[in-house]
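Following: one structure in C-alpha cells, then a few remarks.
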Amino acid sequence: NTTTLKIATLAPDGTSWMNIMRDGAKEVEQRTSGRVKIRFYPGGVMGNDNSVLRKIRVGQLHGGALTAGGLAAIYPDIQLYSLPFLFRSFDEVDYVRKQMDPLLIKGLHEAGFVSYGISEGGFAYLMSHLPLDSVDALRQQKIWSPEGDQISLLAFRTIDVSPVPLPLTDVLTGLQTGLIDTVGSSPIGAIALQWHTRIKHIADIPLIYLYGTLVITEKAVNKLSPEDQNILKEVMERQFQLINQQNRDDNLAARQALQKQGIIFHQPMNGSRESWQQLIDKVEQRIKQENLLDPSLFKQIQQLLETKRKEKG
Amino acid sequence: MILVGLALLILALFGAPLFSIIAASAMLGFYRSEIDLSVVAIEFYRIAEMPVLLAIPLFTFAGYLLSESGAPRRLVRLTQALLGWMPGGLAIVSLVACALFTAFTGASGVTIVALGALLYPALTQAGYQENFSLGLVTTSGSLGLLFAPALPLILYAVIAQQLGIHGSLTVDSMFLAGLLPGLLMLALLTGWSIFSGRSLRLEAFSARETGAAIKEATWELPLPVVVLGGIYSGIFAISEAAAVTAFYVLVVEVVILREIPLRELPAIMRKSMVLVGGILVILGLSLASTNYLIDAGIPRLLFDRIQELVSSKITFLILLNIFLLVLGTMLDIFSALVLMVPLLLPIAIGYGIDPVHLGIIFLANMQIGYFTPPVGMNLFIASYRFKKPVIQLYLATLPWFLILLVALLIITYWPWLSLALLNR
Amino acid sequence: MTQLKRLGTLLLQVEDLLLSLLLTSMILLATSQILLRNFWDYSLTWGDPSLRLMVLWITLLGAMAATRENNHIRIDLFSRYLPATAQRISTLITDGFAAVICALLAWHSARFVLFEREDNTQFLDLMPIWPLQIILPVGFGIIALRLLLNALLNRRGQSVS
Ligand code: NA
Ligand code: NA
C-alpha cells in the first residue's frame, strides 16, 4: 500500500528550492520502496497560506511549506523571529536559532504538525527609490506593507509612518507609478520580483528576518510505519538544511549583485545611528506591550541576544 | 464516469444553470478522489481573497449607469464627427478602447460588462450589424493582454525569472515584446472592421459638428484621462481605478447631468449586481473545478501526452498552440501561467525558442482561449450581458476567432515580431 | 397568509436594500481610501480586506436576485425546440437538479463556516471572521429554495437562451 503526501508550496516549479524538495521526495520514494510518495503543488496554485491551512484541515492536503506569518494562525509563537529589528547579523541568527529552533518545532508539534526544519528567506531591508540616509527621510516616504501583515503594520505605525497596504501583485506597478516608493524585501526577493529595477537606495539595517517551514500534519505522518517516518524525517530534514544554506548563499550573492548594479547601501551615520536606535527601541517596546507572543520565549530570545552581543564586545 | 459527464452535458444543453453544472462536476471529482466536499466552499471563498475582483462590481455598475444615460449617443456622435469620414471609424475606436481597458483590468470579463454595455448599443445605433457588434465586444473582452501593464505579462516575467532563465527576462522586456504582436492583432481586426463597415454611409468632416459633439461630451471625455492619468501618476492603485470610475460616473450622470433620477438608482444598482452575481458565482465555482483538475494533476497528464508526440520544433509549436488553446478555455490565465510555464519553458528553450517569444505565444493563446467555442468563459458572459443565445455568440465571434488564429500563427512562426524591439 | 406574504415582501425589500447599500458603501469606501492616502497620508488597514468581503456578499446577494428573476447563465440549446409539456418536464428536471446542487453547496459551506468558527479564525485581529462568511451557506440555501420553487411552479422567466 502506498501513501501519497500532498504538499502545497508558494515556490514555483523549477526553482532551486523546488528542485531540492523534489530530490528529497524522489529519495523518500526510493528508500521506502514506493510506499511513501510526495506530490507537490507549487507556485501557490492551492491558494495563499490561509487557503492551504483550510485544505489541510479538511484533508485535501497533508502539508505545506508555509511562511511564519501563515502559520501564526495555528501557532502564534512561530512568529518569534519575525519581530522587526530583532537580529542585527546572520551571526546572531545562527546563534539564536541553534537553541530556539527546537522549541518552535516542539510548539508546532503540540499544535498537531510535524516540522522538518526552518529555512531562512534572508533579511528584509528597506529599499527605496529615494535616499534612506536618515529616519526623517524614511518618514517622508510611501512605504509598502504586505496586506494583512499585522506585525509590520504595527512597527511602521509605531514610528509614525503610515504604510500603503497592497497585495504582492500590485507592488511592482505601485513602484512604477509612484504609488509607493519604498518596500521591505530580501535581496533575492527584490531581484526575483523585479523590484530591484525601481530602487536606488537600501538602508543597511536588517528590518525583519524572513523564514518558513515545511509542515506535515501529525495525523498523516502517523499513518506511515515507524521506519518510513524515520526515512521521511531524515531525508526532508537534510534537504531543508540544504535549502537553508542555499538561501543564505543566494541572498549574499544577490546583495552583491545589487551593489554591482549601483544601488547605494546606507550605513546608519554616526549622528543618525542614535535616532535609528531610538526607533528600534520604540518598536520593541510597543510589541512587548501588545503581548503578541509567549513572554517566556520572548525573554529567552532577548537573553540569548544579550549574551551574544556581550561576547562580541 | 463518462456516463455522468454525458448526463451533465445533457442537463446543460437542456438549460440547467451553468454554475450548477460546474459545481456538480467539481463535487463529483472531489467525491471520487475521496476529498472532503467543503473544499468547494474553501475555493469559492477565494473570491474574498482576490484583489482584482473588486473591479468587477464597480466597473459593471459604472457601465450600466453610462449605458442607461445619454453617453452612448454622445459617444456615437463624437466618433462619427471625428472619424465619420473613415470606414469602420467607430469599430476601430471601440477596439482600441477595449484593448487599453483590458490591459489594465485583465480579461476577467470586466471589459465586456463595463465597456461592452456602452459600445454595443453605440455600434448598433451607428448601423453595424448585430452579429458584427456582438463579435467585436466579445473578442475585445480579452484583447489587450499583450499591452503593458497587463498583469499576465508581469507574472510571466516573474515566473520565468524565478526559474533562473539566463539573459535577464525582465518585465520591461515583456512589455516591449508584447507591443508589436498586440498591434498586429489590432491591425488585422481593424482591417476586418473596415471591411465590415464598408457599406455604412460616410460623412464629410465638419469642424462645427465636431466642436458641438465635443462640447456635448464634455463630462464624459475626462474619464479616460482621469483613470489612466491617475494610475500613471500614482494617485491611485489599479484596483482603485474602478472606484474612481464608478464615483465619477455616478456624480456626472446623477448629480451634474441629471439624466438618471436618484430614485431610479437603486433599480440600476440592483440590475447591475444581478449580473455581477451571475458572473462571479460561476467564477467562484470554476475556481473549485479548476482546483479539482490541479489536484488530480490533469494539466500535467495532458502535457505529457502531447510531449510524446513531439519530434521537431515545428510540431512542438503546432502542438503547443493546440494545447494552450484548450488549456485557455479550461483554466484561468493565472493558474495556467504558474502551472504550465515551469513545464514548458525548459522544453521550449531546448527547441531554441526564445523565452520572451514563448511568453508572447502563451499569452496570445490564452487571450483567444477566452472566447474559443464551446466553453470560452467570455462567450457566456457576453451571452448573459446582451441577452443573446450562446449559439449566436459562437457564430458572431467566428470570423474574429479565425482572424486572431491567423495572427497567432504569424506570432508563433515569426519570432522577429516579438523580439524586434528587444535588440536580442 | 397575507401576513406571511407581507413578511415575504419585506424580506425581498431587505435583500434589495442590502444590495444597494453594499454597492454604495463599496464605492464610498474605495474612493475615500484614495482621498485619505493622498491628502492625509493615512491608510486604512481594514479597507481592502473589507472591500473584498463585500465582493463576496455582493456575489451571493446578486446570485440570489438572479435566481429570483430566473436570470442565470445557461447554455440551453434544446429546450426551446420542445413542445410545452416536454419543456415543463425539462425545467422540472434541470432546476430540480440545480436546487439539489445548491443544497449541497449550502451544506458544505455551513461546514466550512463551522470549521472557521472552531478554529477561531480572525478578521485582522478585529473580530472573528465567521459572521462575515455566513452569507455563503445562507446565500446558497436561499438559492436552492428558490430554484426548487421555480422547478415546482415551472417558472422559466427571461433565461437568456
Ligand atoms: Na489595493
Ligand atoms: Na481562460
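Values quoted throughout were computed directly from the atomic coordinates according to the rules given, and no laboratory measurement underlies them. Predicted model, so just to flag it, every value in this text is computed and none were measured. Every residue, glycine as well, gets a Cβ built from its backbone with ideal geometry; the counts of neighbours run over all protein chains shown.
Remark: A:Lys6, A:Lys233, A:Lys55 ranked as A:Lys233, A:Lys6, A:Lys55, counting other beta-carbon atoms within 10 Å and listing the fewest first. With the convex hull of the Cα atoms taken as the outline of region B:352-418, the averaged projected area works out to 4.8 nm².
For region C:1-58, just say rounded, prolate or oblate: build the C-alpha gyration tensor, square-root its eigenvalues into a ≥ b ≥ c, call rounded for a/c under 1.5, and beyond that prolate if a/b exceeds b/c, oblate if not. Here region C:1-58 falls in the prolate category. Can you tell me the orientation of helix B:18-32 relative to chain B, as the angle in degrees between its alpha-carbon axis and the longest Cα principal axis, to the nearest 10? Helix B:18-32 and the main axis of chain B meet at about 20 degrees. Taking amide H as placed 1.01 Å from N in the peptide plane, A:Ile208 has its amide H under 5 Å from the amide H of A:Phe85, A:Ala124, each at least 5 places away in sequence or on another chain. Remark: region B:264-274, residue by residue, has Karplus-estimated 3J(HN,Hα) of 7, 4, x, 5, 5, 4, 5, 4, 5, 6, 4 Hz, where x stands for each Gly or Pro and the curve is 6.51 cos²θ - 1.76 cosθ + 1.60 at θ = phi - 60°. Averaging the Cα positions of each part gives two centres, and for region B:355-414 and region C:63-100 these lie 28 Å apart. A Cβ-based charge dipole, computed about the Cα centre of region B:41-422 with Lys and Arg at +1 and Asp and Glu at -1, lands at about 760 debye. Label positions at B:Glu130 and C:Leu82, each projected 7 Å from the Cα along the C-beta direction, are separated by 2.5 nm. If R0 is taken as 22 Å, the Cβ-Cβ distance between B:Leu188 and B:Val225 corresponds to a FRET efficiency of 0.15.
Between B:Arg305 and B:Ala212, full extension at 0.36 nm per residue minus the direct alpha carbon distance yields a gain of 27.3 nm. Between C:Leu35 and A:Leu168, the modelled label-to-label distance comes to 3.4 nm, taking each label 7 Å out from Cα in the direction of the beta carbon. On full extension, the segment bounded by B:Val96 and B:Arg201 gains 35.6 nm, given 0.36 nm per residue less the C-alpha separation.
Restricting region B:49-97 to chymotrypsin sites (Phe, Trp or Tyr not before Pro) that sit in a DSSP loop and have at most 16 other Cβ atoms within 10 Å of their own Cβ leaves B:Trp85. On the basis of the beta-carbon distance and an R0 of 56 Å, C:Leu92 and A:Arg39 show a calculated FRET efficiency of 0.85. Across the options B:Ala241, B:Gly352, B:Pro389, the greatest Cα extent toward the positive end of the charge dipole of region B:41-422 (unit charges at beta carbon of Lys, Arg, Asp, Glu) belongs to B:Pro389. Counting other Cβ atoms within 10 Å as a rough exposure proxy, the listed residues B:Asp172, A:Asp281 run A:Asp281, B:Asp172 from fewest neighbours to most. A straight Cα-to-Cα reach below 16 Å connects A:Lys37 with the aspartates and glutamates A:Asp23, A:Glu27, A:Glu29, A:Glu227, A:Asp228, A:Glu234, B:Asp295, residues fewer than 8 places away in its own chain not being considered. Over 28 Å between Cα atoms: which of A:Lys55/A:Lys106; A:Lys142/A:Lys310; A:Lys55/A:Lys223 fall into that group? Pairs exceeding the cut-off: A:Lys142/A:Lys310. Take the Cβ atoms of A:Asn222 and C:Leu44, set R0 to 60 Å, and the FRET efficiency comes out at 0.85. Shape of chain C from the C-alpha gyration tensor: prolate (a/c of 1.5 or more and a/b above b/c, with a ≥ b ≥ c the square roots of its eigenvalues).
Against chain C, whose longest principal axis is taken from its Cα atoms, helix C:47-68 shows a tilt of about 10°. Peptide B:264-276 has a mean shielding of 6, counted as Cβ atoms of other protein chains within 10 Å of each residue's Cβ. Across region B:366-373, coupling constants 3J(HN,Hα) worked out from phi with the 6.51/-1.76/1.60 Karplus curve, θ = phi - 60°, read 4, 4, 6, x, 4, 10, 6, x Hz, and Gly and Pro carry x. Taking a quarter of the surface of the Cα convex hull of the protein assembly as shown gives a mean projected area of 40.1 nm². Dividing the summed -39500 (n - 2.57) terms of all DSSP H runs of n ≥ 4 by the residue count of chain B sets its mean residue ellipticity at 222 nm at -23000 deg cm²/dmol. Here's the picture: charge each Lys and Arg Cβ at +1 and each Asp and Glu Cβ at -1 in the protein assembly as shown, and of A:Asn251, B:Leu83, A:Val58 the one pushed furthest to the positive end of that dipole is B:Leu83.
Extension gain for C:Glu69 to C:Gln122 (0.36 nm times residue separation, less C-alpha to C-alpha distance): 15.5 nm. Relative intensity of chain B on a log10 scale, I(q)/I(0) at q = 0.06, 0.08 Å⁻¹, equals -0.25, -0.46, per a Debye sum over C-alpha point scatterers of equal strength in the absence of solvent.
Extending 7 Å from Cα along the Cβ direction at A:Gln229 and again at A:Asn19 yields two label points whose distance is 3.4 nm. The dipole here belongs to the protein assembly as shown: it is taken about the Cα centre, uses +1 on the Cβ of Lys and Arg and -1 on the Cβ of Asp and Glu, and is about 1720 debye. Spatially, region A:1-74 and region A:166-193 are offset by 27 Å when compared through their Cα centroids.
Placing +1 on the Cβ of every Lys and Arg and -1 on the Cβ of every Asp and Glu, with nothing else charged, gives chain C a dipole about its Cα centre of roughly 780 debye. Shielding of peptide A:134-145 by partners, expressed as the average count of other chain Cβ atoms within 10 Å per residue Cβ, is 1. Fewest neighbouring Cβ atoms within 10 Å first, the residues B:Val255, C:Val100 line up as B:Val255, C:Val100.
Taking a point 7 angstrom from the Cα of A:Asp94 along the C-beta vector, which residues in region A:233-265 have backbone N less than 20 Å away? Once the point is set 7 Å along Cα→Cβ of A:Asp94, A:238-256 turn out to lie under 20 Å by backbone N, inside region A:233-265.
What is the angle, in °, between the Cα long axis of helix C:135-153 and the longest principal axis of the Cα atoms in chain C? Nearest 10 is fine, range 0 to 90. Taking Cα atoms only, the helix is inclined about 20 degrees.
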